[in-house]
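To keep things clear, I will list the structure first and then write my remarks on it.
The numbers here are math on the coordinates, done by the rules we state, and not lab data. A quick note: this is a predicted structure, and the numbers were derived from the prediction, not measured. As a convention, Cβ positions derive from the backbone with ideal geometry for all residues, glycine included, and neighbour counts pool all protein chains shown.
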Amino acid sequence: MIDYASYLKLAIKAAIEAGEQILKIYDTNFEVEIKKDSTPVTKADKAASECIIASLKQTNIPVLSEEGIIYDYEQRKNWKHLWIVDPLDGTKEFIKRNGEFTVNIALIEDQKPMIGVIYSPVSRQLYYACVNFGSFKVDGHNVLSQINSQTIIVDELMALAQKLPLQTQPKVYTLIASRSHLSKEISERIALNKLRHSAVEIINTGSSIKFCIIAEGRAHEYPRYGTTMEWDTAAGQCIIENAGGKVLDLETNEPIKYNRENLKNNNFIAYCTNNNFDRT
């Protein structure tokens, strides 16, 4: 039996500690490398990955990290459980130094996200979720006070958490779009919603913060067209689902499944379940 409560606390602590590793490098003159898939990577990505993998090792559950070993499907196809980690989601935002990057950690069971943690190192805002428990947010000043005390007591942080969603959805129909990955399809979807609604607002931001905004109730939908990987969405999907929303694969019209042979996601849309709109 998986002890979800203790694993959630472990993931929260790992995310915050990885965030501190990232911030040590953030204000330095770090170098940027280009990976084989033409995406950037920095020393911070690697340091955060090593930190998280070391923390999660005690669970004896394999870790699939963007900057770690990408196991062949033959090795992982029979895994009932695995951790899926993006140690620095939003590397382009990190390089721009705009603060819009996160640490993502998710525990998968039978292809479904059961635990999700998203941590923003710059704002110190923490989001987390666990199946049958709900989704929560801890304000940055509460996390910072723990970091400043040099002792991260996760139970104390969780006692200060607010249950998501925090608010009812805004009266003006609101979409979230990626700051670094705008596309023709997104522009078309924005135009379509402008025809359907009297007014439409757009929130542009980077990384998995977009999932958190949906879970908070601050926006109606986050459509995504183009390349994302399992580690980009697993934690965010868990947080949205346990706040009463959905993240749907637009090809299957089902929630995204994980530990697939092809780790690249199809196009998807994230939204709250009380949002009655046409997803076509």
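So the values come out like this:
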read-out: Correct option for Kirkwood radius over Cα pairs in Å [calculated from the coordinates] among (i) 19.7; (ii) 18.8; (iii) 26.2; value: (ii)
read-out: Cα-based helix-to-principal-axis angle, 4-26 vs the chain, degrees rounded to 10; value: 90
read-out: Within the range 213-248, backbone nitrogen closer than 17 Å to the virtual label 7 Å beyond the Cα of GLU188 toward Cβ; value: 223-227
read-out: Unit charges at the beta carbon, dipole of the chain: most positive-side option, ASN193, ALA215, GLN58; value: ASN193
read-out: Computed magnitude of the charge dipole of the chain (debye, nearest 20; Cβ of K, R +1, Cβ of D, E -1); value: 520
read-out: Estimated 222 nm signal from helices in the chain, with DSSP H stretches of n ≥ 4 weighted -39500 (n - 2.57), rounded to 500; value: -10000 deg cm²/dmol
read-out: Hits among lysines - C-alpha to C-alpha of LYS43 under 22 Å, sequence gap 8 or more where chains match; value: LYS13, LYS24, LYS35, LYS57, LYS92, LYS96
read-out: Dimensions in Å of the range 104-206 - Rg and Dmax from alpha carbons; value: 17.5, 52
read-out: Extension gain (nm, one decimal) between ARG97 and HIS197, 0.36 nm per residue minus Cα-Cα; value: 32.5 nm
read-out: Those lysines that a straight Cα-Cα span of less than 24 Å connects to LYS194, excepting residues fewer than 8 apart in one chain; value: LYS171, LYS184, LYS210, LYS246
read-out: The range 4-163 shape via C-alpha gyration tensor axes, a/c threshold 1.5; value: oblate
read-out: Among 190-202, 16-28, 117-129, the order from most to least packed when residues are scored by Cβ within 10 Å on average; value: 117-129, 16-28, 190-202
read-out: Relative packing of 210-221, 67-78, which averages over residues the other C-beta atoms within 10 Å, highest first; value: 210-221, 67-78
read-out: Over the range 173-272: Kirkwood hydrodynamic radius from C-alpha pairwise inverse distances, Å; value: 13.6
read-out: Degrees separating the helix 230-241 axis from the principal Cα axis of the chain, which is the longest one; value: 70
read-out: Computed over the chain: relative contact order in percent, which uses C-alpha pairs under 8 Å that are six or more apart; value: 17
read-out: Under-5 Å amide H pairs with ALA219, H placed in peptide plane, nonlocal only; value: none
